[in-house]
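The structure appears right after this line, and notes come after that.
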Ligand code: DHB
Ligand code: MG
């Protein structure tokens, strides 16, 4: 940092005392920015930028690492949230002081463990018994403290969510990461299960828009949530680029975040 500051100072000094010929100064930076400004050029860098951020920003967490490798060894699909996304979700929960999290789509429990890392109680719903079993293993491997704060319910979310509502359950944060075709059905149930001021995060909303057909010609999660404006739901969509996915076609994605008022 000091080095950078002092070299900036030197540059400034040189610039002031002996300005370069006018026609030379803008050329170099312009050339460089042109080189990195194409979409293809940037996408090629996403993987290394993601690794850069993971290396510098994330703490090592053996149970998360184990959960990922155990899930892959068990043959679960490689569709977990990314580590930086896990950290984002954990930070979001900490910002809200979330004590209770509801997750739809446990898979191998990787995101479940991220939520549990905040100290919150996590209720997670999974439809596939094999995924549930792998998740239970991964959660048990994380230790008694985590295990005591996580419940995994086997079943279809659209059956289980109304049951949770009948039990009077409310959550501070709801994470929807299951069947893309049912994003809005989960969302509508989630609204009823979220406490006032709580939030709902829907994963993979941008990929669904890309891959689910012409967004202008159909109802989408975004258009349907938009229909709830003024009915106590404020939402936004944030696009993301991540090198967690190796296929460039899967790098661009994004989520919908809503607050229930
Ligand atoms: C897929 C599902 C996900 O939840 C995800 O985050 C990425 C990909 C999939 O089914 O391809
Ligand atoms: Mg997902």
### Message
So for the stretch 197-204 (the condition being without any contact (Cβ under 8 Å) to a residue 60 or more places away in the chain and within 16 Å of ligand 1 (Cβ to nearest atom)), does at least one residue qualify?
### Response
yes
### Message
Show the residue pairs meeting these rules: Cβ distance below 6 Å; 6+ apart or different chains; first residue within the stretch 95-114 and under 21 Å from residue 181 (Cα atoms); second residue more than 15 Å from ligand 2 (Cβ to nearest atom) and assigned to a loop (DSSP other than H, G, I, E, B).
### Response
none
### Query
Which one is nearest to residue 199 (Cα to Cα), of the residues in the stretch 165-183 that are away from ligand 1 (no atom under 15 Å from the Cβ) and surrounded by fewer than 19 Cβ atoms within 10 Å (Cβ to Cβ)?
170
### Message
Looking at 40, 51 in this structure, which one is loosely packed, with under 10 Cβ neighbours inside 10 Å and either at pLDDT 50 or above or over 22 Å from residue 151 (Cα atoms) (or both)?
### Response
40
### Task
Return the residue satisfying two criteria in turn: it lies in the stretch 235-261 and is exposed (fewer than 15 other Cβ atoms within 10 Å of the Cβ), without any contact (Cβ under 8 Å) to a residue 60 or more places away in the chain and more than 12 Å from ligand 1 (Cβ to nearest atom), and of such residues it is nearest to residue 41 (Cα to Cα).
239
### Task
Have a look at 144, 170 and point out the one that is out of contact with any strand residue (DSSP E or B) (no Cβ under 6 Å at 6 or more places or on another chain), more than 23 Å from residue 84 (Cα to Cα) and modelled with pLDDT of 95 or more.
144
### Task
For the stretch 142-151, state whether one or more residues are within 16 Å of ligand 1 (Cβ to nearest atom) and either free of Cβ contacts under 8 Å to residues at least 40 places away in the same chain or under 23 Å from residue 189 (Cα atoms) (or both).
no
### Query
Are there any helices (runs of 4 or more DSSP H) wholly within the stretch 31-147 with 2 or more residues that are over 20 Å from the mean Cα position of the chain (by Cα), and if so which?
39-57, 62-73, 129-141
### Query
Under the condition of being free of Cβ contacts under 8 Å to residues at least 12 places away in the same chain and more than 13 Å from ligand 1 (Cβ to nearest atom), which residue from the stretch 76-94 is surrounded by the most Cβ atoms within 10 Å (Cβ to Cβ)?
88
### Task
For residue 121, state whether it is closer than 27 Å to residue 188 by Cα, away from ligand 1 (no atom under 16 Å from the Cβ) and out of contact with any helix residue (DSSP H, G or I) (no Cβ under 7 Å at 6 or more places or on another chain).
yes
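The values are calculated or read from the model by the stated rules, or taken from the named source; none is laboratory data. Note that the structure is a prediction, hence the values are computed from the model and not measured. All Cβ positions, glycine included, derive from the backbone under ideal geometry; neighbour counts span all protein chains shown.
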